Amino acid sequence: MVAAIRVETPARPEAARAAGTAGGTTPLAVETAGLRKEYGRKVAVANLSLAVPPGEVFGFLGPNGAGKSTTVKMLVGLVRPTAGTGWLLGHPLGDTRARRRLGFLPELFRFHEWQRAEEFLDFHASLYGVPRAERERRIAEVLALAGLDARAHDVLRTFSKGMLQRIGIAQALIGDPRLVILDEPTSALDPLGRRDVRDVIRRLRERGITVFLNSHLLSEVEMVCDRVAIIDRGRVVRQGRLAELVAGAYEAEVHLEHPSPALLHALETRWPAVHRPDTAATADTVEGGATGDNTLVVRLAIQDERELPSIAEAIVRGGGRLRALVPRRMSLEDLFVQSVETRNA
Amino acid sequence: MNTLRIANLTFREAVRRKALYGAIALTLAILAVYAWGTGWAVNEIYTQTPRGAIVRLALQSGVDVRLLAVGELLLAGLFAVSNIAGLLAIFLAAGTIAQEIEQGTLHSILCKPIARWQVVLGKWLGGSAMLSVYVAVTASATVAIIYWHAGYVPSNLPLGIALLTLKAMLLFSVTMIGSAFAPAIATGIAMFIVYVAANVAGMVEQIGVAAEIEAMVRTGIVASLILPSDALWKMSASAVQPPNPLPALGIKLSVGPFGVVEPPSVWMGVYAALYTAAALGLTTLIFSRRDV
Ligand SMILES: Nc1ncnc2c1ncn2[C@@H]1O[C@H](COP(=O)(O)OP(=O)(O)OP(=O)(O)O)[C@@H](O)[C@H]1O
Ligand SMILES: [Mg+2]
């Protein structure tokens with residue numbers, strides 16, 4: 001049976017093309033070509049083409065309803081594409097072999113709650129075909145990774161929402177995956193839990209495991225992702241290496257105490273303002289931690305960090321009182337908002 | 001292997017969530033009442049002079065009326081077991097795929113290297129195992145009660161129980177078809193209606209046989225082709241009831257409301273088994289195309 005499938009659906013030759021890896025034999029971790037999903041007349045995902053090189057952390061971003069979950073459901077075989085195809089680790093979508101080395105945390109993490117944590121993981125390990133002898137070690141390992149060692153014998157019904165999400169992550173890692181797809185893995189987690197998940201993701205990358213991360217928590221994505229794609233209404237609007245997407249776009253965040261209009265004008269003629277509140281003491285001043293004391297935060301576009309001394313000099317010369325001068329890359333949030341808003345305009 | 005894992009999961013879920021225990025416990029409670037009533041009835045049958053015109057007529061023709069009465073008591077108990085098992089099958093199967101999709105518990109299973117047919121077959125095997133336990137326990141208890149009170153042992157008990165189990169498995173697989181695309185409640189209600197209709201059609205057939213009205217008989221046969229659940233009950237009843245003396249007298253009547261005059265042929269059993277397999281195939285076909 002399995003042998004027959006193997007003959008019928010050979011791995012895609014193009015997928016064998018190297019994605020920056022030596023040898024040229026490692027297939028892309030995820031590749032899609034014109035993937036599309038319609039629900040009735042509603043197009044949830046429109047002709048999506050993605051390429052995720054192996055060993056990278058890939059951030060898949062988009063506003064609510066953009067089609068992120070629908071896309072990953074098509075990748076893992078829960079939803080049938082209306083059109084288009086894709087490959088996971090070189091195997092066509094829908095092929096059970098594509099899912100042998102795949103770990104998936106669903107957006108809706110609901111499990112059989114009558115199972116004990118270790119029993120639940122044992123069951124999922126068995127679905128991956130992990131030999132019985134090895135399961136115990138694996139279970140202990142992923143429980144520790146998910147920070148649930150103490151709850152191994154507890155029934156899932158007694159778990160809190162965040163703990164269920166953690167066991168969901170453990171479940172995604174139990175089969176020794178080469179590719180891990182996480183659909184909003186931190187939606188129910190506390191700040192410590194979020195940091196834990198970031199650590200897990202980094203550790204996976206160290207081991208060469210590809211992580212496909214669905215999220216709209218941009219700060220989180222910014223911290224761990226090598227590459228991102230931003231989708232909106234089912235279409236990719238940006239795709240590329242994170243560093244390149246936000247490169248060349250530096251800005252200086254300038255915190256000024258009671259700046260005179262003349263000074264502001266002088267600054268903004270030399271460095272275009274990326275963002276300036278109309279009046280002093282708006283919400284932006286809170287950002288700098290100086291609440292309600294008339295500190296104004298101006299964000300100026302600069303080429304690189306070598307311009308910072310000139311800004312300081314200009315402020316001092318203009319009689320301004322400088323509280324803070326922080327260089328920033330253009331944030332992913334800026335990129336995100338810009339990409340999505342441009343489309344909606 | 002994955003199929004058996006799903007079967008095991010389904011079975012254990014029923015045990016752990018106490019669905020199976022509850023059903024068995026409640027049925028045993030009913031059977032306790034049954035045992036009490038049967039004791040009374042058997043006592044009356046064996047110690048008092050039978051009254052009633054038909055019974056006197058039968059006694060004159062040398063028929064063992066007492067044995068027939070005991071047989072009828074047994075069939076009454078098994079009729080209850082058969083119908084409870086049937087409804088249990090319907091309501092368990094109605095939720096088996098639909099609810100798991102609704103709750104999302106299938107998401108983390110279907111993304112594993114497992115095929116949809118394995119999930120369908122596994123769930124059916126798990127459900128069937130559960131129903132087998134139920135039928136075996138409750139039918140055996142019924143037979144034991146009759147044996148205890150009246151000393152009657154059915155001629156072919158294993159076949160009778162096997163056919164009751166097949167009936168439950170059949171209903172489970174047919175209901176799974178609905179569960180693969182419709183909400184649990186809709187499927188449950190629809191199958192309940194179909195099941196009752198099939199039972200009624202079976203009665204119509206019995207009456208048709210007795211009154212020798214061909215159209216009624218044909219109606220019943222068509223109904224058993226549409227859903228052979230009542231046919232399986234009739235085959236099962238005929239395997240456990242005492243020999244019916246009436247046909248020999250030229251009367252095509254069963255002994256009581258639960259008995260059978262002309263049991264369906266063995267081919268109906270084969271048909272029911274194929275029907276069950278086909279229902280599983282159709283469930284797989286529908287479920288494989290379904291978005292989860
Ligand atoms: N089963 C369904 N039936 C009909 N429409 C659906 C279904 N699932 C999703 N959609 C629609 O498809 C679009 C994409 O939904 P999807 O869940 O993929 O978004 P998302 O990017 O994951 O959003 P979120 O950030 O809120 O999780 C939405 O407009 C949604 O309404
Ligand atoms: Mg989503």
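The values are calculated or read from the model by the stated rules, or taken from the named source; none is laboratory data. The structure presented is a predicted model; accordingly, all values stated were derived computationally and were not measured. Positions of Cβ are generated from backbone atoms using ideal geometry, with glycine treated the same way; all protein chains shown enter the neighbour counts. Surface accessibility is based on the protein's heavy atoms, side chains included, excluding ligands, DNA and RNA. Shrake-Rupley method; radii C 1.70, N 1.55, O 1.52, S 1.80 Å.
A few comments on the model shown:
- Between B:MET203 and B:ASP291, the modelled labels are 4.5 nm apart [label points 7 Å from Cα along Cα→Cβ].
- In order along the range B:37-43, the phi-based Karplus estimate (6.51 cos²θ - 1.76 cosθ + 1.60, θ = phi - 60°) of 3J(HN,Hα) comes to x, 4, x, 4, 4, 4, 4 Hz; Gly and Pro are listed as x.
- Rounded to whole Hz, the Karplus (6.51, -1.76, 1.60) HN-Hα couplings of the range A:110-119, x for glycine and proline: 10, 10, 6, 6, 7, 7, 7, 3, 5, 5
- Cα-centre dipole for the range A:31-245 with unit charges at Cβ (Lys and Arg positive, Asp and Glu negative), debye to 20: 600 debye
- Listed cross-link partners A:LYS37/A:LYS161; A:LYS37/B:LYS112; A:LYS42/A:LYS68; A:LYS68/A:LYS161; A:LYS73/B:LYS18; A:LYS73/A:LYS161 are compared with a 24 Å cut-off, the Cα-Cα value being larger for A:LYS37/A:LYS161; A:LYS73/B:LYS18.
- Accessible area per residue in Å² at 1.4 Å probe, computed on chain B: 44 Å²
- Based on Cα contacts under 8 Å between residues 6+ apart, chain B shows a relative contact order of 26 percent.
- A:ALA152 long-range amide H proximity, modeled H, under 5 Å: none
- Cβ-Cβ distance of B:GLU212 and A:ASP149, R₀ of 60 Å, FRET efficiency by 1/(1 + (r/R0)^6): the value works out to about 0.20.
- Rounded to the nearest 500, the 222 nm mean residue ellipticity of the protein assembly as shown from helices alone is -17500 deg cm²/dmol, with -39,500 (n - 2.57) taken per DSSP H run of at least 4 residues.
- In a simple Cβ point-charge model (Lys, Arg +1; Asp, Glu -1; nothing else charged), the range B:1-62 has a dipole of about 300 debye relative to its Cα centre.
- Interchain or long-range residues, amide H under 5 Å from B:ARG17's placed H: none
- Rough spin-label spacing in nm, given labels placed 7 Å along Cα→Cβ, for A:ARG329 and B:ILE24: 6.2 nm
- Extending 7 Å from Cα along the Cβ direction at B:ILE189 and again at A:VAL337 yields two label points whose distance is 5.0 nm.
- Dividing the Cα radius of gyration of the range A:175-265 by its Kirkwood radius returns 1.13 for Rg/Rh.
- Only protein heavy atoms count here, probed at 1.4 Å, and on that basis chains B and A bury about 2700 Å² of accessible area in total.
- In this structure, the amide hydrogen of A:TYR250, modeled 1.01 Å from its nitrogen in the peptide plane, lies closer than 5 angstrom to those of A:ILE302, A:MET330, counting only residues at least 5 positions away or on a different chain.
- In order along the range A:167-183, the phi-based Karplus estimate (6.51 cos²θ - 1.76 cosθ + 1.60, θ = phi - 60°) of 3J(HN,Hα) comes to 5, x, 5, 4, 4, 6, 9, 5, x, 6, x, 9, 9, 10, 10, 10, 9 Hz; Gly and Pro are listed as x.
- At least 50 Å² accessible surface lost relative to isolated chain, residues of the range B:80-110 (1.4 Å probe): B:GLN103, B:THR105, B:HIS107, B:SER108
- Between the range B:256-292 and the range A:84-107, the C-alpha centres lie 35 angstrom from each other.
- Residues in the range B:13-55 that, when all protein chains are in place, have 10 Å² or more less accessible area than the chain alone would give (probe 1.4 Å): B:GLU13, B:ARG16, B:ARG17
- Using a Förster distance of 51 Å, the FRET efficiency for A:ALA188-B:GLN60 (Cβ separation, nearest 0.05): 0.05
- In this Cβ point-charge picture (+1 for Lys and Arg, -1 for Asp and Glu), the protein assembly as shown has a dipole of about 1000 debye about its Cα centre.
- Protein accessible area in the range A:31-245, 1.4 Å probe - carbon and sulfur %: 48 percent
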